[in-house]
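Colleague: Have a look at the structure that comes next, please.
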Amino acid sequence: MYPSLVLKSGRDRSVNNRHPWIFSGGVKQLPKADNGDIVEVLDNQGNRLAYGFYSPQSQITCRLFEFSSLPIDFSQPDYWHQKIQSAYEIRKKYVLTTQTNCCRLLHAEGDFLPGVIADLYDDLVVLQLLIKGSEKIAPHIISGLQKIGVKYIYLKNKHNPGFREEVVLENGFLTSNTLQDSKVVLENGVKFAIDFERGQKTGFFLDQRDNRALLQTYTQGKKVLNAFSYTGGFSIYALAGGASEVHSVDISKDAVQLADENSTLNFGKDVIHKAIAEDCFEYLKNTQEEYDVIVLDPPAFAKNAKAVPNASRGYKELNLKGLKKIKPGGILFTFSCSQNIDRDLFRKIIFSAAADAHRNVRILHQLTQPLDHPVNIFHPEGEYLKGLVLQVE
């Protein structure tokens, strides 16, 4: 029924272990298929192992979404609807409440849907279709989202000339219903205005929800710096926790303006929130301010394995600067969302920064992404967010 991709001898082990990626070096025979087509994956003896999306121009030649030796008809919407329904049930049971109406609904390989990211903001989903295969099943994704009650679906892909997956759907609403370019949502009872059209990613960083709530417990009466603040996620939680003063620093003027608006949205003008549009490295280098609590949540410094050495130096420099601005007894929340910087390497980088700062440091918490960003146990590459909460003497 589907074109066949045949693996080299001995290269079926990872597929039998349900790892969802097949790399080009493991392929014996390519399928007669176009980019994004569904193909069946056979071992060297011709036994069917799995099905996946074909990506001939990528190092990851096939992204698997179904491990089965049985013939399956993927033209039927119900197959894709069931995946979406299963993911939604987890969020509905453990995340979505009267106090939280936003979360990641579909997390690519973590929800067995490679190339699909869907972030739910109340009745709006901001959708990313990152590979040609996910674009080709877009009608089934759209109908599946509508089936669980989503009213608005906005497609937001990052297009660039070097993007090899050749996704051609234009950004915009995929439903007849449309909205303006902002949406106010609730997260743990805190309000956030989301600029889903012009903002980074899908408009908000939902993967820090649990870590923001933890920060809130540390900020009563404290002076807080939120570096790389974007639209003020950690800042607003700090204010909700009773911080005496919060500074939000981000290089984007639009982002810090929205952080200020989110502060006013929740607390009016009764709190001290200072929005600073400046490069965070330069701010930490030049400021005379000292803080009780600092949050360092930068963008990914390592986009690929080759970037790891430079990224490691960047993380060390950033954390060393942060450690120098914390008052004795202060708390540092520090993060990396670089997939290529694993948990052990990140911890070694922070150790090195602490050693150079000549300060005693305790690890209070080791942090990761929340349950609506699940990690497929067969795909450890999906565990990208790591963080430490440090007490600095």
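The values are calculated or read from the model by the stated rules, or taken from the named source; none is laboratory data. Just so it is clear, the model here is predicted, and its values are computed rather than measured. Glycine also receives a Cβ, built like all others from the backbone with ideal geometry; neighbour counts cover every protein chain displayed. These area figures cover heavy atoms from the full protein model, side chains too; ligands, DNA and RNA do not enter into them. Shrake-Rupley method; radii C 1.70, N 1.55, O 1.52, S 1.80 Å.
Colleague: Search region 15-34 for residues that are in a loop (DSSP other than H, G, I, E, B) and pair each with any residue that is among the aliphatic types (A, V, I, L, M) and modelled with pLDDT of 95 or more when their beta-carbon atoms are under 6 Å apart and the residues are at least 6 apart or on different chains.
Modeller: Qualifying pairs under 6 Å: PRO20/LEU64; PRO31/LEU5; PRO31/VAL39; ALA33/VAL39.
Colleague: If you don't mind, another one. Take the residues in region 186-221 that are more than 28 Å from ALA108 (Cβ to Cβ) and of a type in the set (Ser, Thr, Tyr), then tell me which one is surrounded by the most Cβ atoms within 10 Å (Cβ to Cβ).
Modeller: Ranking the candidates gives THR219 first.
Colleague: Being surrounded by fewer than 13 Cβ atoms within 10 Å (Cβ to Cβ) and modelled with pLDDT of 95 or more is the filter here; which residues of region 35-59 pass it?
Modeller: GLN45, GLY46, ASN47
Colleague: Kindly establish whether PHE74 is assigned to a loop (DSSP other than H, G, I, E, B) and either among the acidic types (Asp, Glu) or open to solvent by less than 40 Å² (accessible area, probe 1.4 Å) (or both).
Modeller: Taking the combined requirement at face value, the residue satisfies it.
Colleague: Only one residue in GLN369, GLN339 is surrounded by fewer than 19 Cβ atoms within 10 Å (Cβ to Cβ) and in contact with a helix residue (DSSP H, G or I) (Cβ under 7 Å, 6 or more places away or on another chain). Which one?
Modeller: Only one candidate passes the filter, namely GLN339.
Colleague: Which residue is farthest from ILE148 (Cα to Cα), if the candidates are limited to region 119-131 and must be assigned to a strand (DSSP E or B) and not hydrophobic (A, V, I, L, M, F, W, C)?
Modeller: GLN128
Colleague: Continuing with the same structure: Please list, ordered by first then second residue, the pairs with beta carbon atoms under 6 Å, 6 or more apart or interchain, first in region 92-107 and farther than 18 Å from VAL184 by Cβ, second open to solvent by 40 Å² or more (accessible area, probe 1.4 Å) and at pLDDT 95 or above.
Modeller: Hits for this filter: TYR94/LEU371.
Colleague: Moving on. If we scan region 222-231, do we find a residue that is buried (at least 20 other Cβ atoms within 10 Å of the Cβ), of a type in the set (D, E, K, R) and closer than 20 Å to LYS325 by Cβ?
Modeller: Yes, region 222-231 contains a residue that is buried (at least 20 other Cβ atoms within 10 Å of the Cβ), of a type in the set (D, E, K, R) and closer than 20 Å to LYS325 by Cβ.
Colleague: A follow-up question, please. What single numbered condition from (1) open to solvent by 10 Å² or more (accessible area, probe 1.4 Å); (2) assigned to a strand (DSSP E or B) fails to hold for CYS62?
Modeller: So CYS62 meets the others, but not (1).
Colleague: Checking SER69 against (1) farther than 18 Å from ILE148 by Cβ; (2) crowded, with 18+ Cβ neighbours inside 10 Å; (3) of a type in the set (Gly, Ala, Ser); (4) free of Cβ contacts under 8 Å to residues at least 40 places away in the same chain: exactly one of these is not met. Which one?
Modeller: (2)
Colleague: Of these, LYS132, LYS93, which one is of a type in the set (Lys, Arg), over 18 Å from ASN35 (Cβ atoms) and either open to solvent by less than 30 Å² (accessible area, probe 1.4 Å) or modelled with pLDDT of 95 or more (or both)?
Modeller: Of LYS132, LYS93, the one residue that is of a type in the set (Lys, Arg), over 18 Å from ASN35 (Cβ atoms) and either open to solvent by less than 30 Å² (accessible area, probe 1.4 Å) or modelled with pLDDT of 95 or more (or both) is LYS93.
Colleague: Restricting to region 79-118, name every residue that is outside any helix (DSSP H, G or I) and either of a type outside the set (A, V, I, L, M) or at positive phi (or both).
Modeller: THR97, THR98, GLN99, THR100, ASN101, CYS102, CYS103, ARG104, HIS107, PHE112, PRO114, GLY115
Colleague: Kindly state which helices (runs of 4 or more DSSP H) lie completely within region 213-301 and contain at least 3 residues that are among the small types (Gly, Ala, Ser) and touching a residue at least 40 places away in the same chain (Cβ under 8 Å).
Modeller: 233-240
Colleague: Exactly one of (1) assigned to a strand (DSSP E or B); (2) more than 16 Å from ASN376 (Cβ to Cβ) is unmet by ASN44. Its number?
Modeller: All conditions pass for ASN44, except number (1).
Colleague: Right, another one. Pick out the one residue from GLU278, GLU290 that is open to solvent by 70 Å² or more (accessible area, probe 1.4 Å) and over 19 Å from PHE205 (Cβ atoms).
Modeller: GLU290 is the lone residue from the list that is open to solvent by 70 Å² or more (accessible area, probe 1.4 Å) and over 19 Å from PHE205 (Cβ atoms).
Colleague: Checking the condition assigned to a helix (DSSP H, G or I) and surrounded by fewer than 16 Cβ atoms within 10 Å (Cβ to Cβ), which residue from ASN310, ASN319 passes?
Modeller: Result: ASN310 is the single residue among ASN310, ASN319 that is assigned to a helix (DSSP H, G or I) and surrounded by fewer than 16 Cβ atoms within 10 Å (Cβ to Cβ).
Colleague: OK, next. Which members of region 163-194 meet the condition of being closer than 30 Å to PHE234 by Cα, more than 19 Å from the chain's Cα centre (by Cα), in contact (Cβ under 8 Å) with a residue 40 or more places away in the chain and in a loop (DSSP other than H, G, I, E, B)?
Modeller: Selection gives LEU179, GLY189.
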